[in-house]
Amino acid sequence: MLTSFRTLADGAAQRDNNFNLMRLFAAWLVIYGHSYPVTGSGGSDLVSQLVKVRFSGSIAVDMFFLISGFLISASFERHRLRDYLAARALRIFPALIVCVSLSVFVMGALLTTSPDYWHSSQTWKYLVRNITLDKAQYFLPGVFEASPTKAVNGSIWSLPVEFRLYLWLAGFGLLGLLRGWRCNTVAALGFAAAFVFIDVEKLPPWKVANLWCLAFFATGVLAWVNRARIRLAWPVLVATLAIAAVMRESKYGYLAYFAALSYATFFVAFVPKLPRIRHHDISYGLYLYGWPSQQLVLHFAPGTGPLFNTFWATLLAGVLATLSWRLVERPALDLKRKFGRKPPAAAPAPSPADEPATRDPA
């Protein structure tokens with residue numbers, strides 16, 4: 001029988017949660033959503049037809065940033081600054097460096113049609129800027145140039161945004177702005193300013209995407225700070241989903257979507273008894289390798305549609321993600337565990353299960 005936790009803090013205090021399963025589903029949802037632009041198919045995916053406000057890949061990224069804001073706030077509270085930064089770097093960079101290097105030195109080298117591949121500044125810019133999270137680069141010379149979408153990996157745009165948010169969170173934490181009324185005041189002022197002064201219709205798409213990421217990450221932080229005040233109850237879940245369904249095609253449907261996805265994410269994370277994924281979290285690898293796998297499937301099976309692409313790309317990315325977990329990410333996590341925690345007195349509120357049961361997203 002499904003029961004509701006009294007508050008979000010009660011749920012976060014439990015050892016088990018559904019975050020890993022949810023992130024795995026979200027990573028797959030990114031593959032499904034991208035199958036339409038990657039294959040050049042018309043129309044939109046079934047999720048976007050239902051929700052109206054966002055397409056499935058964007059919904060998945062929204063979930064990632066919401067969960068990340070919540071769990072990274074908990075991580076900052078538990079660790080010293082040095083250990084927090086080291087843990088974040090060990091989680092993000094090793095798998096990213098391997099994925100980008102494979103894209104340049106193996107996939108790109110084998111598939112390029114450019115005779116100047118190794119001499120092109122674009123090749124080395126793709127390598128350096130992506131592995132340092134300076135600025136996402138999408139193209140390699142002569143690679144996938146006949147494809148509808150020429151990007152080698154269109155999913156990596158979110159990683160520089162995410163890592164910068166980790167640094168911003170640390171800065172706010174050092175200023176004492178992640179506690180109680182201070183955090184709530186800063187968040188309220190930020191959301192109000194964004195709503196009143198920012199005209200998203202006049203912004204380029206990449207800035208709008210960054211604002212969505214920031215809004216969901218900030219909401220995750222806000223949820224952690226106020227976890228003892230947020231109730232997880234079925235009537236609230238049903239009400240938020242119903243309101244979102246009614247408002248989905250209205251002018252302010254995005255606000256109802258925002259509230260419904262935020263509440264539903266935390267509710268599903270802690271309340272239902274779903275299959276637990278405790279020791280094998282391949283969601284980050286699935287996110288990293290999803291798009292390149294889709295491009296490879298299309299390259300060797302041109303003219304195929306979204307569902308064909310989703311199926312085979314899921315299998316290929318799943319294999320690569322499993323190898324990434326076993327050979328790269330899990331060894332990095334072993335190093336990560338060596339960094340100490342603050343003493344319990346520094347974190348009096350309940351904390352979620354220790355990593356790797358909880359992973360910050362991509």
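Summary of values
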| item | result |
| --- | --- |
| Spatial extent of region 1-73: Rg and Dmax, with the Cα atoms as the point set, Å | 15.4, 47 |
| For the chain, the longest site-free run once GluC sites (Glu not before Pro) in DSSP loop states with at most 13 other Cβ atoms within 10 Å are removed | 1-144 |
| Spacing of the two label points (7 Å from each Cα toward its C-beta) at LEU110 and ALA245, in nm | 4.7 |
| For region 21-114, convex hull volume per residue from C-alpha positions, Å³ | 140 |
| For region 131-284, the spread of Cα positions along each principal axis, largest first, Å | 54, 41, 39 |
| Contour minus Cα-Cα distance for ALA301 and TRP181 (0.36 nm per residue) | 37.6 nm |
| Amide N proximity, region 163-180 versus ARG80 label position 7 Å along Cα-to-Cβ, cut-off under 17 Å | 174 |
| Ranked THR132, THR149, THR185, criterion: other C-beta atoms within 10 Å, fewest first | THR185, THR132, THR149 |
| All-pairs Cα distance distribution in the chain, expressed in whole percent, bin size 20 Å | 28, 59, 12, 0 |
| The chain: calculated mean residue ellipticity at 222 nm from DSSP helix runs of at least 4, using -39500 (n - 2.57) | -20000 deg cm²/dmol |
| Length gained when the stretch LEU46-LYS207 is fully extended (0.36 nm per residue, less Cα-Cα span) | 55.4 nm |
| Calculated FRET efficiency for the pair LEU255/LYS125, C-beta based, R₀ 45 Å, to 0.05 | 0.70 |
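Bear in mind that the values in this text are calculations on the coordinates, not laboratory data. Values in this document were obtained by computation on a predicted structure and should not be read as measured data. Here Cβ is always computed from backbone atoms with ideal geometry, including for glycine, and neighbour counts include all displayed protein chains.
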